[in-house]
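Presented below is the structure to which this report refers.
No lab work stands behind these numbers, since they all come straight from the coordinates. Computed from a predicted model, the values in this text were never measured in an experiment. No Cβ is skipped: glycine too gets one built from the backbone with ideal geometry, and neighbour counts run over all protein chains shown.
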There are 2 protein chains.
Amino acid sequence: MQRYFGKEKKENNMILEPGDMHHIKKVMRMKDGDEIEVVIDGKLFLCNLKNNLETIVIKKELEIPKDFMKYITLVIPVLKEQKMDLILQKATELGVTEIIPVSMKRSMVKIGEKEGKKLERWNKIMKEASEQSMRNCIPKLQSVTTFSEITKLDGLKIICSTREKENTFKKFLQTSTNYDKLIIVIGPEGGLDIEEENFLQEHKFVPVTLGPRIMRVETVPIYVLSILNYEYME
Amino acid sequence: MQRYFGKEKKENNMILEPGDMHHIKKVMRMKDGDEIEVVIDGKLFLCNLKNNLETIVIKKELEIPKDFMKYITLVIPVLKEQKMDLILQKATELGVTEIIPVSMKRSMVKIGEKEGKKLERWNKIMKEASEQSMRNCIPKLQSVTTFSEITKLDGLKIICSTREKENTFKKFLQTSTNYDKLIIVIGPEGGLDIEEENFLQEHKFVPVTLGPRIMRVETVPIYVLSILNYEYME
């Protein structure tokens, strides 16, 4: 069944974004009587299309299964469009809770005035990936920020480091318990600048190694989230 | 240091493919005296550029660190260009040994006469990804084949199944020992056709579930290989 995130709930009817209505009509070519799922305010509803697809009637509320994933915040560099899009789509698919882009020294992409447009585009990618992978919420996307702001976050904090050789991600996960929030910093191509890494370490971020493989920057978040799914799954 | 796969070793000189020479001259803009690494016949050499970049002189042989990854064969459907390219690139980065494309019932892409050209293109992607991720060999890419041929392979055989609910990938890995080769079948969008899955099960392929997340087809091989790296890493 196709899932959408609702814009508004009006009594027994659901209102969707124009883009989703277009998707229903032109991409999915649905007909009156077809059913869709709509998530709004953390609740999931089974709905029915009626009235030449103009009305979306709520049939009943459905139970939302609890996600086994912890609260995962990914801190990533601002990257070129294609890499950024891939990370946002795949991280959403794999259950990330929050994504925070940071201007890092070695990241070549400057965002400047285009930030508003970029955020809009990135949010759209995450909304579509959430619908496609049947998530019950869209991950939060924060505005581009600095490492100083990141140090204020609470949780278990790690850096995917290219300098660390001993403390593997596996050792780290197997020896860390009793945490609900995990904050994971991923550096740009070539890794974090050493001053940035030192600064984070001074603020209780723990460097871990993902092993000897040389991965492209966009592979790292997918790798990390795959492992978290694997470890947290019953 | 930049790594290339050599075409031929002539006494103390190395010959590269024209595409790699172009990369050295026009993309990397190297100069005489610059060093590169060249892999040929499973051996790794440190080389020196000379004579207006026309000659590649072998300086010495380097030790190749042993890969911790087991022999991993991925069996995948033939997919649309973008998804296929992503799988080939990422699977190579993450240490796959062999990739076998199979014509599956539910895969929408028919390959037909274009196979030769496609294989050439796919091999090129895997060569470049191997160089970029400093691998010591390029994974083998087989021609498009059938499930009947796949059943002849030896090794521990699994199906990433959308039907299986109990036997998780984690349980499977934790209870399977004493194997050197792992053959992993990944289905197309919507999963394998039931007849195909039954056929494979009759030939000792074990269905496993990757959990409740709904992943796009191109995410699955990255997910699986990430976990294998994580599990096999010391």
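For this structure, a couple of remarks:
- The alpha-carbon positions of region B:1-101 define a convex hull whose volume is 124 Å³ per residue.
- Approximate shape of region B:87-234 as ellipsoid semi-axes (Cα gyration tensor, √5λ), whole Å, largest first: 23, 20, 14
- Farthest towards the positive end of the charge dipole of region A:185-234, among the residues A:PHE199, A:ILE222, A:ILE186, is the Cα of A:ILE222, using unit charges on the Cβ of Lys, Arg, Asp and Glu.
- With respect to chain A, whose longest principal axis is taken over its alpha-carbon atoms, helix A:115-132 is tilted by about 70°.
- Point-charge dipole on Cβ atoms (K/R +1, D/E -1) for the protein assembly as shown, about Cα centre, debye to 20: 540 debye
- Tilt relative to chain B, helix B:219-232 - C-alpha long axis, 0 to 90 degrees, to 10: 80 degrees
- The magnitude of the dipole of chain A, with charges of +1 and -1 set on the Cβ of Lys/Arg and Asp/Glu and taken from the Cα centre, is near 360 debye.
- Helix A:81-93 axis, angle to chain A major axis (alpha carbon atoms, nearest 10°): 70 degrees
- Over 20 Å between alpha carbons, listed pairs B:LYS66/B:LYS181; A:LYS157/B:LYS170; A:LYS110/B:LYS124; A:LYS170/B:LYS70: A:LYS157/B:LYS170; A:LYS110/B:LYS124
- Near-label residues of region A:202-234 by backbone N, under 16 Å of a point 7 Å along Cα→Cβ of A:GLN132: A:222
- Across the identical copies, how the A:MET108 labels are spaced - nm, sorted shortest first, 7 Å along Cα→Cβ: 3.4
- Cα-based equivalent ellipsoid of the protein assembly as shown: semi-axis lengths in Å, sorted from largest, via gyration tensor: 39, 29, 23
- If only the Cβ of Lys and Arg carry +1 and only the Cβ of Asp and Glu carry -1, the dipole of region A:95-193 around its Cα centre is close to 140 debye.
- Considering only beta bridges that DSSP places wholly inside chain A, some 40 percent are antiparallel.
- Of A:CYS137, A:CYS47, A:CYS160, the one that fluctuates the most in a GNM where chain A has Cα springs shorter than 10 Å: A:CYS47
- DSSP loop chymotrypsin sites (Phe, Trp or Tyr not before Pro) with at most 15 other Cβ within 10 Å: longest gap in chain B: B:69-178
- With Cα atoms defining each centre, region B:48-73 and region A:206-225 are spaced 24 Å apart in the structure.
- For B:LEU62, the amide hydrogen comes within under 5 Å of the amide hydrogens of B:LEU44, B:PHE45, B:LEU46, counting only partners 5 or more places away or on other chains and with H modelled in the peptide plane.
- Residues B:MET215, B:MET21, sorted so that the one with the fewest Cβ neighbours within 10 Å comes first: B:MET21, B:MET215
- Label point distance in nm, B:MET233-A:GLU189, each placed 7 Å from Cα along Cα→Cβ: 2.2 nm
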